[in-house]
Amino acid sequence: MKAQVVAAIGDRGRVPGSATPATERALKLLREGEIVALPTETVYGLAADALNPIAVAKIFEAKGRPRFDPLIVHLPEITWLEKVATIPAQDRQLVLQLANKFWPGPFTMVLPKHEIVPDLVTAGLNTVAVRVSAHPMFAEIVQAFEKPLAAPSANRFGRISPTTAQHVLDELGSRIPLVVDGGPAVHGIESTIVAIRGGKIDILRRGPITAEQLSAFGKIEVVATRDKISAPGQFRSHYAPKTPLQLIDDASTFSPKP
Ligand code: AMP
Ligand code: MG
C-alpha cells in the first residue's frame with residue numbers, strides 16, 4: 001500500500017482532475033473500516049472507527065504499537081461524552097465543567113469506560129481517554145462520520161509525533177492509504193491528558209492545557225511516575241528522535257560533522 005496525500009487547505013482539498021474533496025475521501029475510507037492520517041491541532045493523528053475493532057487493529061498494526069498502549073477516542077460532539085464514558089456522580093460536575101471549558105481543544109480526559117467502546121481501544125483498561133479536536137478539518141470529518149474516531153499520533157511507536165503531512169508520509173507512507181494535509185499542526189505537541197477520579201484532576205501527561213489552567217477547577221496532582229504505565233510519556237524511551245545530540249560551547253565556530 002502506498003499513501004496518497006491529499007491537500008486539504010484552501011479549496012477543501014480538491015485535487016486537480018478530481019471532484020472529490022479530501023474530507024470525502026477520508027470519510028469514504030473510514031466508513032470502509034480503513035485508517036487515514038488526519039490533521040489535529042496537536043499533531044497528526046492516525047484515525048479509524050473507534051467502535052470497529054477490526055479498523056482499530058489496523059492502527060496498532062501500522063504504528064507497530066503494543067496492544068497494551070491504549071488509544072485516544074475523538075468525539076464528534078461533547079454530547080457523545082456520556083455515550084462512551086460512564087461518569088461517576090461525584091465527578092460529573094467537574095468533568096462537564098472541564099469539557100465545556102477546554103473542548104474543542106488539546107485536552108484529553110480519562111474516564112470510566114462505557115461497554116460500547118471495544119477493549120482493544122482501551123487496551124483492556126476499564127477507562128477510556130476522550131477528546132474533542134478543535135481542528136476544522138478533523139472536526140468536519142468526525143462530525144460527518146457521526147461516530148467517535150480512535151486517533152493516536154500518526155507515527156511509528158516510540159518515535160516523534162508528526163506535525164506535518166510530510167512527517168506522516170515519511171513514517172507511515174507505505175502502510176496507510178491516505179494522509180489529509182491540513183498544513184503544520186498549531187500546537188506541535190500532544191494533548192494534555194488528565195484522569196478525573198474522586199473529584200480530583202490527575203495530570204498524566206503535560207501538554208498545551210497547563211496545570212495552572214486546570215487548578216482553577218479543583219485539586220490537581222501531577223502523576224509523573226506510577227507503578228503501572230498509564231500514559232506513553234512514562235516509558236523509559238519515548239518520542240525519541242533519530243538525530244544525534246551534540247553539546248557545543250560556541251555556536252559561531254561549530255560546523256556539524258558530515
Ligand atoms: P497518542 O495519541 O499517541 O499521544 O497516545 C494516546 C495516549 O493516551 C496513550 O499512549 C495512552 O497512554 C493515553 N491513554 C489512552 N487511553 C488511556 C487510558 N484509558 N488511561 C490512561 N491513559 C490513556
Ligand atoms: Mg503518540
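Every number in this text was worked out from the coordinates using simple rules, so none of it is lab data. Note that the coordinates shown come from a computational prediction; the quantities given were computed from them, not determined experimentally. Note: ideal-geometry Cβ built from the backbone for every residue, glycine included; neighbour counts use all protein chains shown.
Tabulated data
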| quantity | calculated |
| --- | --- |
| Added length on full extension, which subtracts the Cα-Cα distance from 0.36 nm per residue, Glu77 to Phe157 | 26.0 nm |
| Ranked by how many other beta carbons lie within 10 Å on average, peptides 30-42, 65-77 from highest | 30-42, 65-77 |
| Anchor Lys28: lysines whose Cα lies under 29 Å away (excluding residues fewer than 8 positions away in-chain) | Lys2, Lys58, Lys63, Lys83, Lys113, Lys147 |
| Length released on extending from Gln93 to Ile189, taking residue separation times 0.36 nm less the Cα-Cα span | 31.7 nm |
| Theoretical ellipticity at 222 nm over the chain - DSSP helices of four or more residues, -39500 (n - 2.57) apiece, nearest 500 | -6500 deg cm²/dmol |
| Global form of region 154-213, assessed from the alpha-carbon gyration tensor, a/c cut-off 1.5 | prolate |
